[in-house]
Structures are given as C-alpha cells and as structure tokens.
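Contents: one structure, followed by commentary.
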Ligand SMILES: Nc1nc2c(c(=O)[nH]1)N[C@H]1C(S)=C(S)[C@@H](COP(=O)(O)O)O[C@H]1N2
Ligand SMILES: [Mo]
C-alpha cells in the first residue's frame, strides 16, 4: 500500500513536470498482439478509430443505460463530464502479457455506482453487461461497483481525452472495456468476450509475482 502511494506520488510529480513543460505525456505502450488468445474465437481484435462513434447518430459520444433500470437513459459525453468527477490512479494489466503494466496513470471519470444510482437498478438485476462500439463485451456482478467505488467510466487518462472506457482497478484488462456504448442490467449470467472464452469472470488479479 505504502509502495503504491510512493509510486503514485512519484508519477503525479512526473506528470506535473511534463504538463509544465508541455511535453507530450502520452505513455509509450507495448502493442501486444492477443491473436493467440483468440485463435479459436470468432471475435477478432478490431482497430477502432479514435474520435469516431459511427454507431451513433449524434456527433457526441453517447452511452446508453438500459435493461433492468427504473430510468433508462442516454448519457452524452458532456453530461458525463457534468457529473461528479473521480480521479483514480491505477495500472492496466493484460492477461496475455501479465508481467508489465500496459498503462499506468491517472484516470478521470464518473463512478459507475453513481450512474447506476441515477438509473435505478431493479431488484431482479444480477449482472451488468457492457458493450463496446467494436463488438467487445464484458460484465460485472451488479453489486461490484458499489463494493469498489474506484470502478469508473473514464474519459481522461493522464490529462488527455479518451473515448469513454471502464477503469476496473485490480482487475485484468479485459474488464477495462474501451469505446463503451451500452450498459445493460440483466437478470441472467451474462458473460463478456473473454469471460465466455473461459477467462475468470471474477477477474481480480491478486498476487502478480
Ligand atoms: N472495446 C474494447 N475494449 C477492450 C478491448 C477490446 O478489444 N475492445 N480489449 C481489452 C483488453 S483484453 C485489454 S488488455 C485492454 C487494453 O487496453 P489498452 O488498449 O488501453 O491498452 O482493453 C480491454 N478493453
Ligand atoms: Mo488483454
């Protein structure tokens, strides 16, 4: 815990310096092919285009909250930015390349629990299904965002805009769905893209050493 705090403090200091120097603080990320993981899968790793959300008619990103909720809603990016902000320092680890963080830094967004509270989750919902523009899917138990308030829908990473994605600290990267377009509350055991391929539905990383 203390080590994590020191790393966080160090990182924030570096980030501040970069911002002051107006250097491009975009981290260099290893591009690891996950083709092996999907050898026997019909799902193919897409190459989504940043800044485009072709499935939606409006010029702005929209996230649909639907299914077993009292108040179904379409949340635009500007509405998302008007909601209470949460900052989370976290690392993303890919299950196919667990030795090294793919992304590490500060994520800014809105608590998933806040959004679910606004929508009003119905009693019979047991799972949250997440859908991305590229067809990728993941899921969480319905109570997870209330147990882990660091689960956010992020729209900024290290002070740079990103397409809305889930930040799921301490969970494998496949829970960190990018290009999020739909959140659906369901009353059955929905499994996402990786989860239905046999990767743990409970994706907490635990000991990494
Ligand atoms: N929409 C979408 N989200 C996704 C994926 C994907 O293929 N499509 N891959 C997941 C996996 S397996 C990982 S490890 C992380 C990688 O995140 P990054 O591309 O930001 O490094 O995104 C996750 N979210
Ligand atoms: Mo991954």
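With the requirement that a residue be closer than 16 Å to residue 115 by Cα and away from ligand 2 (no atom under 15 Å from the Cβ), what does segment 153-185 give you?
Kept after step one, since they are closer than 16 Å to residue 115 by Cα, are these residues of segment 153-185: 153-155, 164-168, 180-185.
Result: 153, 154, 155, 164, 180, 181, 182, 183, 184, 185.
Test residue 126 against the stated conditions and say whether it is farther than 23 Å from residue 81 by Cβ and either more than 16 Å from ligand 2 (Cβ to nearest atom) or buried (at least 18 other Cβ atoms within 10 Å of the Cβ) (or both). Break it down stepwise before answering.
Details: farther than 23 Å from residue 81 by Cβ: yes; either more than 16 Å from ligand 2 (Cβ to nearest atom) or buried (at least 18 other Cβ atoms within 10 Å of the Cβ) (or both): yes.
Judged against the criteria, residue 126 is a match.
Look at residue 98 and say whether it is within 16 Å of ligand 1 (Cβ to nearest atom), modelled with pLDDT under 95 and either closer than 24 Å to residue 193 by Cβ or buried (at least 17 other Cβ atoms within 10 Å of the Cβ) (or both).
On the way: within 16 Å of ligand 1 (Cβ to nearest atom): yes; modelled with pLDDT under 95: yes; either closer than 24 Å to residue 193 by Cβ or buried (at least 17 other Cβ atoms within 10 Å of the Cβ) (or both): yes.
So residue 98 passes the test.
Just to check your reading of the model, which residue among 149, 144 is surrounded by fewer than 23 Cβ atoms within 10 Å (Cβ to Cβ) and either touching a residue at least 24 places away in the same chain (Cβ under 8 Å) or farther than 26 Å from residue 100 by Cα (or both)? Break it down into steps so the answer makes sense when it comes.
Working: 144 fails: either touching a residue at least 24 places away in the same chain (Cβ under 8 Å) or farther than 26 Å from residue 100 by Cα (or both).
None of the other options fit; the residue is 149.
Only residues that are surrounded by fewer than 19 Cβ atoms within 10 Å (Cβ to Cβ) and either assigned to a loop (DSSP other than H, G, I, E, B) or more than 16 Å from ligand 2 (Cβ to nearest atom) (or both): list them for segment 194-204, please.
Residues of segment 194-204 that are surrounded by fewer than 19 Cβ atoms within 10 Å (Cβ to Cβ), as a first pass: 196-202, 204.
Selection gives 198, 199, 200, 201, 202.
The values are calculated or read from the model by the stated rules, or taken from the named source; none is laboratory data. Please read all numbers here as calculations on a predicted model, not as lab measurements. Cβ: placed from backbone, ideal geometry, glycine included. Neighbour counts: every protein chain shown.
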